Amino acid sequence: MIELIFSVISSTLIYVAFKSFSRFNINTLNALIVNYFTAFILGFSIQSTSIKLTEIQQFEWFWPAASLGVLFILIFYLMVMTTQKHGISVVSVASKMSLSIPVIFVIFYYGESLSILKVLGIILALVSVYLVSAKTKDGLKVNKSALLLPFAVFIGSGIIESSIKVLQNDFVPSIETPVFSASIFLFAALTGSLVFGVRFVKHKTFFRVKDIIGGIALGVPNYFSIYFIIQALRNPNLDSSIVFVINNVSIVVLSTIVGILLFKEHLLRKNKIGIGLALLSIILVALANYNLN
């Protein structure tokens, strides 16, 4: 359970870092590239066994990890486009509601048990995530002509979490978790660097010191968010579906609380209701897991 707590804290720190980018006028793409290189270096340096960089291509998880790294950048780009077309609330809901994909996937693919408590907890979790993430009084307004964008964010985010579960369970030994996580970030960094190269040719965009500092500040919690969620998924006393629910819902709640305390964000009535439902959903799925064990 301690790994799950650290995963939630790490992901919340990612939120804090992103929120700080606009305050300090940090170029998000530049910081994102530095963040991925930072996460790669961190993961490779804490690998307990001696593995050379040239050796990672020999592991059977190498190409799936490379694909995930590319997908990281692609989903980020889609989130930016979705924010421009629909607003931040739509992209927030699309990315957070994607927790339904890995939850449904692990239940059917790995044959995890279902109970009334678990089903009710999952339903409440999805409702709570929507209510907390929707920051507008009139609900979400989606431009139907660009509906594909939030849908792509939803599917892509769900594929990332589902893929991490499959790789962790079937391909990555526990001792290789640090270098596996690092490899994902390496390919995200390389892909991001290609995007930066194109932008540099077109717009002569440069890295600034604050972009590098912001990227490092983001990279450390970003690495550990992946590392600890993988470790939590390895916990034999927790169903993976329950891990995904508690992790995602807890991140939404804790990020909201941090937003109120640090960034003076205001909650709508439905956001407050969503927080209440989120806490209830966590209690229900925790009880469901307790009954299973």
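Values as computed for the structure displayed
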| quantity | calculated |
| --- | --- |
| Phi-based couplings in Hz for the stretch 275-290 (Karplus 6.51, -1.76, 1.60; Gly and Pro marked x) | 5, x, 5, 4, 4, 5, 5, 5, 4, 5, 6, 5, 5, 4, 5, 5 |
| Per-residue ³J(HN,Hα) for the stretch 218-234, Karplus 6.51 cos²θ - 1.76 cosθ + 1.60, θ = phi - 60°, Hz, x for Gly and Pro | 7, x, 5, x, 5, 4, 5, 5, 6, 4, 6, 5, 5, 5, 5, 5, 7 |
| Computed over the chain: relative contact order in percent, which uses C-alpha pairs under 8 Å that are six or more apart | 43 percent |
| Simple Cβ-charge dipole of the stretch 47-205, Lys/Arg +1 and Asp/Glu -1, about Cα centre, in debye nearest 20 | 900 debye |
| Net charge dipole size for the chain [Lys, Arg +1 and Asp, Glu -1 on Cβ; Debye, nearest 20] | 1380 debye |
| Net +/- balance of residues flanking Val258 in space, Cβ distance below 10 Å, scoring K and R +1, D and E -1 | 0 |
| Sparse-neighbour loop sites [trypsin sites (Lys or Arg not before Pro); the stretch 20-117; at most 12 other C-beta within 10 Å; DSSP] | Lys52 |
| Coil-residue GluC sites (Glu not before Pro) of the stretch 1-83, DSSP, other Cβ within 10 Å capped at 13 | Glu60 |
| Summed side-chain charge close to Ile175 - residues other than Ile175 whose Cβ falls under 15 Å, Lys, Arg +1, Asp, Glu -1 | -2 |
| Modelled label reach - Gln58, point 7 Å along Cα→Cβ, the stretch 158-182 residues with backbone N closer than 19 Å | 171-182 |
| Net +/- balance of residues flanking Phe62 in space, Cβ distance below 14 Å, scoring K and R +1, D and E -1 | -2 |
| Dipole of the chain, positive end: most advanced residue of Asn35, Phe76, Thr136 [Cβ charges, Cα centre] | Thr136 |
| Relative contact order (%) - the stretch 60-155, alpha-carbon pairs under 8 angstrom, separation at least six | 47 percent |
| Using θ = phi - 60° and Karplus 6.51 cos²θ - 1.76 cosθ + 1.60, couplings along the stretch 38-50 (whole Hz; Gly, Pro as x) | 4, 5, 5, 4, 4, x, 5, 6, 9, 4, 6, 8, 7 |
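Just so you know, all these numbers are worked out from the coordinates, no wet-lab data involved. This structure is a prediction, so every number in the text was calculated from the model and none was measured. In this analysis, Cβ positions are derived from the backbone assuming ideal geometry, glycine residues included, and neighbour counts consider all displayed protein chains.
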